[in-house]
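To start, the structure itself, in structure tokens.
The values are calculated or read from the model by the stated rules, or taken from the named source; none is laboratory data. Worth saying up front: this structure is predicted, and the values here are computed from it rather than measured. Counting neighbours? That spans all protein chains shown, and the Cβs are built from the backbone with ideal geometry, glycine included. What goes into the accessible areas is simple: the full protein's heavy atoms, side chains included, and nothing from ligands, DNA or RNA. Shrake-Rupley method; radii C 1.70, N 1.55, O 1.52, S 1.80 Å.
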Amino acid sequence: MIICLVKGVPAKTTQVVTVSGVLRREEMELVLNPHDVKAVEAAYYVKKTVGGKIVAMTMGPEPKLVPIMADLMEPREESKYVPRISFEGFDERIILSDRRMAGADTWATSYTLACGIKRYLQNHFEAVDRLREVVEKASVTESLKVAEELYEQNYLPHHIYSKLPSVKDSVFSRYARGEVGKEEVLAELEKYRTRLSKFIILTGMKTSDGETGNVGPQTAEALSQMLGVTIPSIAFTRDFEISPELDHVMAERRIGRVIQRMRTVLPCLLTIDHHYESRTPPASSQRKARAHSYPHRIDKPLVWNADYINADPSKLGLMGSPTIVGPGYEIGKPPTQKFVGETLVFKKDVEKLEWNGKTYGPFKKGDPVNNLPKELVDSLTAQKVVDVFTLEDLVEEVFGGVKVVARAV
């Protein structure tokens, strides 16, 4: 199981609507976090090496995230997200979307994602347990019927049940032909259940609208607590190799001048550094990887709310966020020059100005006065809305209003 955590980030600007720094993502144009590109590439390498399926999981407003998830679904020879390799698309996509999740800091986000991952794994474990119970108690015909149902729902890989002409020796095909008995089928289902527990979580090194790099490791910590097992996390992964038998992962990262090579068991979480370059999957693993892949790519993304993932509302969103974020700033503005004693600037925020049938603005305190009619500038100057840029203004911009006091020695 390959779980790839992705995020929709503002394309150009950050609009802050509260003092706590909550972003109104539902009103922004969102794009895939550029740091997640490497996680997508890494996920594709893992699938080609060990099989399984790539599941994209994200959190945020559903209408804004659906286009991003749709593009991740499309196969293409040269994806804009994975430009150096052909990309078959993600197999499944999950959007965690609920108003109660809004305003989350990194810890609340990690908790929510961990709840989503836990629920996803739980659904698969329950499907296997259901099939095991049917095999134990029912006939071969009834067992085949349930296996086919779960296969069509994308819960079973080809080596367990398959309709592909090229896969003729799946577990249930041999069961139907009488080549294996009930005990052998149950043993294979137990092996499959164990394999499900050896999942890998991949995510970008950080996000362009946060830059903390905390969500990946914190998600591993939160999920460890929920599942009662230790899920190691390795941050800043520049290269890694996964064992085809899912025994271990060998990862390499660089911290300052030190290069570390680490070996970890699965399940684990890797945050992928922007220097990562995908390995070529070994040819010897291709057949086994195909056998362990799943039959379908689900066209429509699943949308899960807080109730479905059994999340504690007190740990979600703004309510569950111990961090208070300061005000954000618009990014993408062109650089400007202001000269002390010369440049005219706005001395306070101005929403909009009407002048001779034209509308100007809005303007922020400190914005230079450019391309406005002279008569309008004269009027604003007389009202003390506009004045020259002073040394005090410069100190306020640079030091945030801290007073500079000169003292005689």
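Do we have any residue at all in the range 96-115 that's part of a strand (DSSP E or B) and buried (at least 20 other Cβ atoms within 10 Å of the Cβ)?
yes
Just to verify a result, which residue in the range 355-370, among those that are part of a loop (DSSP other than H, G, I, E, B) and either among the small types (Gly, Ala, Ser) or closer than 16 Å to Glu342 by Cα (or both), is least open to solvent (accessible area, probe 1.4 Å)?
Gly366
Filter the range 229-251 down to the residues that are over 20 Å from Ser110 (Cβ atoms) and either open to solvent by less than 50 Å² (accessible area, probe 1.4 Å) or not charged (D, E, K, R) (or both) and list them by number.
Asp239, Phe240, Ile242, Ser243, Pro244, Leu246, His248, Val249, Met250, Ala251 - these are the residues of the range 229-251 that are over 20 Å from Ser110 (Cβ atoms) and either open to solvent by less than 50 Å² (accessible area, probe 1.4 Å) or not charged (D, E, K, R) (or both).
Six or more apart or on different chains, Cβ under 9 Å: which pairs go from a residue in the range 310-339 that's of a type in the set (Phe, Trp, Tyr) and open to solvent by 100 Å² or more (accessible area, probe 1.4 Å) to one that's modelled with pLDDT under 80 and not in a helix (DSSP H, G or I)? Could you list them?
Taking only residues 6 or more apart or on different chains, the pairs are Tyr329/Thr14; Tyr329/Val16.
Out of curiosity, is Ala289 surrounded by 15 or more Cβ atoms within 10 Å (Cβ to Cβ) and either in a helix (DSSP H, G or I) or touching a Pro at 6+ places or on another chain (Cβ under 9 Å) (or both)?
yes
Between residues in the range 233-262 that are closer than 24 Å to Lys191 by Cβ and at pLDDT 90 or above and residues that are open to solvent by less than 50 Å² (accessible area, probe 1.4 Å) and among the small types (Gly, Ala, Ser), which pairs lie under 9 Å by C-beta distance while being six or more apart or on different chains?
What qualifies is Glu241/Ala251; Val249/Ser243; Met250/Ser243.
Test Val66 against the criterion of being at pLDDT below 90 and either open to solvent by 40 Å² or more (accessible area, probe 1.4 Å) or assigned to a strand (DSSP E or B) (or both), and give yes or no.
Spelling it out, Val66 is indeed at pLDDT below 90 and either open to solvent by 40 Å² or more (accessible area, probe 1.4 Å) or assigned to a strand (DSSP E or B) (or both).
If you take the residues in the range 132-158 that are closer than 18 Å to Gly52 by Cβ and among the hydrophobic types (A, V, I, L, M, F, W, C), which one is surrounded by the most Cβ atoms within 10 Å (Cβ to Cβ)?
Checked the range 132-158; the qualifying residue surrounded by the most Cβ atoms within 10 Å (Cβ to Cβ) is Leu156.
Output the number of residues of the range 137-177 satisfying the condition of being in contact with a Gly (Cβ under 9 Å, 6 or more places away or on another chain) and among the hydrophobic types (A, V, I, L, M, F, W, C).
1
Considering only residues that are within 34 Å of the chain's Cα centre (by Cα), farther than 17 Å from Leu121 by Cα and not small (Gly, Ala, Ser), which ones fall in the range 151-166?
Glu152, His158, His159, Ile160, Tyr161, Lys163, Leu164
Under the condition of being assigned to a strand (DSSP E or B) and open to solvent by 80 Å² or more (accessible area, probe 1.4 Å), which residue from the range 259-277 is farthest from Ile234 (Cα to Cα)?
Start the filter on the range 259-277 by keeping residues that are assigned to a strand (DSSP E or B), which leaves 259-264, 268-272.
The next check asks that each one be open to solvent by 80 Å² or more (accessible area, probe 1.4 Å); those that pass are 259, 261, 263.
Details: Ile259: 13, Arg261: 10, Arg263: 10 Å.
Looking at the filtered set, the residue picked out is Ile259.
(1) surrounded by fewer than 19 Cβ atoms within 10 Å (Cβ to Cβ); (2) among the aliphatic types (A, V, I, L, M); (3) in contact with an Asp or Glu (Cβ under 7 Å, 6 or more places away or on another chain): which one isn't true of Met226, the others all being true?
Failing condition for Met226: (3).
Does Val395 satisfy being open to solvent by less than 70 Å² (accessible area, probe 1.4 Å), modelled with pLDDT of 80 or more and either closer than 22 Å to Val340 by Cβ or among the hydrophobic types (A, V, I, L, M, F, W, C) (or both)?
Answer is no for this residue.
So, in the range 167-210, of the ones that are outside any loop (DSSP other than H, G, I, E, B) and of a type in the set (Ser, Thr, Tyr), which residue ends up farthest from the chain's Cα centre (by Cα)?
Within the range 167-210, the match that is farthest from the chain's Cα centre (by Cα) is Tyr175.
Just to be sure I understand the filter: pairs with C-beta atoms under 8 Å, separated by 6 or more residues or on different chains, first member in the range 278-293 and among the hydroxyl-bearing types (Ser, Thr, Tyr) and modelled with pLDDT of 90 or more, second member open to solvent by less than 90 Å² (accessible area, probe 1.4 Å) and assigned to a helix (DSSP H, G or I). Which pairs pass?
The qualifying pairs are Ser293/Lys47.
Evaluate the following for Tyr120: is it within 17 Å of Ala222 (Cβ to Cβ) and either over 17 Å from the mean Cα position of the chain (by Cα) or at pLDDT 95 or above (or both)?
Values: within 17 Å of Ala222 (Cβ to Cβ): yes; either over 17 Å from the mean Cα position of the chain (by Cα) or at pLDDT 95 or above (or both): yes.
Criteria met by Tyr120.
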